[in-house]
């Protein structure tokens, strides 16, 4: 039985003075081992990340449905640039560019000389278990000269424009994003930012067809 002013050694279970930092019997330190402290921190951080994350922070590609009608699967390869019509999976949400249209506008809204409107149709599907937000401001377009622009102020896609809102788990929305770019540019990329107000780098890029 342990007496007042004593404690049991964490290693050999011998009774030793309460103030002892080293057991006089087995000569082992009584403090918690550093590796145990580090392991505990890692576990806690991992649990918090799992609760808050809801999906991978690294974008991946989802293969198209197989010829046998089997379900689509995510590729394991990690990349940040994708092709048009390729589904990007990011944090449990699927993004797909389903169509790209180019026009100089109409008599009421014409692009500036040497430029054209690039209208991109984006489909967003929330496959996570949490409500998410979407916002057209998180998308920018990069041209072949490396110039990046926000969506254009135009009426050419008034009826179909993707604005902002929320998607419940399992929800889906499809809408258009319009940019004003140099005519005939075949090196256009649609860049997605997790939060365009704070992020310096795009989460992923989608290369548009010519």
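The values are calculated or read from the model by the stated rules, or taken from the named source; none is laboratory data. Predicted model, so just to flag it, every value in this text is computed and none were measured. We place every Cβ from the backbone using ideal geometry, glycine too, and count neighbours over all the protein chains shown.
Filter segment 128-163 for residues that are in contact with a strand residue (DSSP E or B) (Cβ under 7 Å, 6 or more places away or on another chain) and at positive phi and give the result. Selection gives nothing. Among the residues of segment 178-210, those that are part of a strand (DSSP E or B) and farther than 17 Å from residue 87 by Cα comprise 178, 179, 180, 181, 182.
Annotation: residue 107 fulfils all but one of (1) modelled with pLDDT of 95 or more; (2) farther than 22 Å from residue 186 by Cβ; the unmet one is (1). Taken together, the criteria exclude residue 25 from residues that are at pLDDT 85 or above and surrounded by 11 or more Cβ atoms within 10 Å (Cβ to Cβ). Just one of (1) modelled with pLDDT under 95; (2) over 20 Å from residue 62 (Cβ atoms) fails for residue 177. It is (1).
In this structure, is residue 196 surrounded by fewer than 19 Cβ atoms within 10 Å (Cβ to Cβ) and either at pLDDT 95 or above or assigned by TED's automatic domain parsing to the domain that holds residue 126 (or both)? Yes: the conditions hold for residue 196. For residue 100, the requirement of being farther than 19 Å from residue 199 by Cβ, part of a loop (DSSP other than H, G, I, E, B) and touching a residue at least 24 places away in the same chain (Cβ under 8 Å) is not met. Looking only at residues in segment 2-18 that are touching a strand residue (DSSP E or B) at 6+ places or on another chain (Cβ under 9 Å) and surrounded by fewer than 10 Cβ atoms within 10 Å (Cβ to Cβ), the one that is modelled with the highest pLDDT is 5.
When you scan segment 46-62, do you find a residue that is within 23 Å of residue 132 (Cβ to Cβ), touching a helix residue (DSSP H, G or I) at 6+ places or on another chain (Cβ under 8 Å) and modelled with pLDDT of 75 or more, even just one? No, because not a single residue in segment 46-62 is within 23 Å of residue 132 (Cβ to Cβ), touching a helix residue (DSSP H, G or I) at 6+ places or on another chain (Cβ under 8 Å) and modelled with pLDDT of 75 or more.
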